[in-house]
Amino acid sequence: MQLSAWPGARHILAMPPATPTATDPSASAPGTRLDEWLAAEAALRERHAHGPGPGVAAREQVARMDGLGMLRAMQEGRGPTAPIGHTLGFLLVEVGEGRAVFQGTPAPAYFNPMGGIHGGWYATLLDSALGCAVHTLMPAGRAYTTSQINIHLVRGIGPQVQRVRAEGRVIHCGRQMATAEAQLVGPDGTLYAHGTTTCLVFDLPPARA
């Protein structure tokens, strides 16, 4: 395993938060996009620290809220945040109609056996952005599930990359099917992966008495 290729790779379980380094081209001057991304993340995590924390919304909450309202509540710390985001180091940073953006922190904890970031981590961020972009267009009482996802990995995420963002947007949303596309990019605009999804759209079943 090539763990030594990453700073702190031998201390996976006690890795400190990433800080800008001289090897990161996006950290060479104040006011860079990386600075903006880090500041936005810090502000959101502060909100989440005072919210309900990781969990799943109650069925009655899901049934009476539209998708965009539910995701905004999660982003702003008024609703529970997705447990998988805490496990894999990413969070929802932007959401709007037909659009969702997740920010993730590459870390040695997500290495594959060859010492690189596992493709499943790329796929998880992209799947989150794709699915949540579709979710923003769901009215109350409607839901979706992923039917198909296609991911293309085009570049490895190196040790100098502190953050990446998965930016998803809806292409089509109909009565029974929705499609979306997403890109995984760094602060300097480097493309690391891209993907598409097909989602099935349906009415939520009535709650059991």
May I ask you to list the residues in the stretch 38-90 that are surrounded by fewer than 18 Cβ atoms within 10 Å (Cβ to Cβ), in contact with a strand residue (DSSP E or B) (Cβ under 6 Å, 6 or more places away or on another chain) and of a type in the set (A, V, I, L, M, F, W, C)?
Ala40
Select, from Val56, Val62, the only residue that is in a loop (DSSP other than H, G, I, E, B), at pLDDT below 90 and touching a helix residue (DSSP H, G or I) at 6+ places or on another chain (Cβ under 9 Å).
Val56
When residues of the stretch 141-159 are limited to those that are surrounded by 17 or more Cβ atoms within 10 Å (Cβ to Cβ) and outside any strand (DSSP E or B), the one farthest from the chain's Cα centre (by Cα)
Pro159
If you check Pro205 against the conditions, is it surrounded by fewer than 14 Cβ atoms within 10 Å (Cβ to Cβ), part of a loop (DSSP other than H, G, I, E, B) and modelled with pLDDT of 95 or more?
no
The residue that is farthest from Arg99 (Cα to Cα), considering only those in the stretch 145-165 that are without any contact (Cβ under 8 Å) to a residue 60 or more places away in the chain and either in contact with a helix residue (DSSP H, G or I) (Cβ under 9 Å, 6 or more places away or on another chain) or of a type in the set (Phe, Trp, Tyr) (or both), is Gly158
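The values are calculated or read from the model by the stated rules, or taken from the named source; none is laboratory data. Bear in mind that the values here come from a model prediction, so they are computed numbers and not experimental data. Cβ: placed from backbone, ideal geometry, glycine included. Neighbour counts: every protein chain shown.
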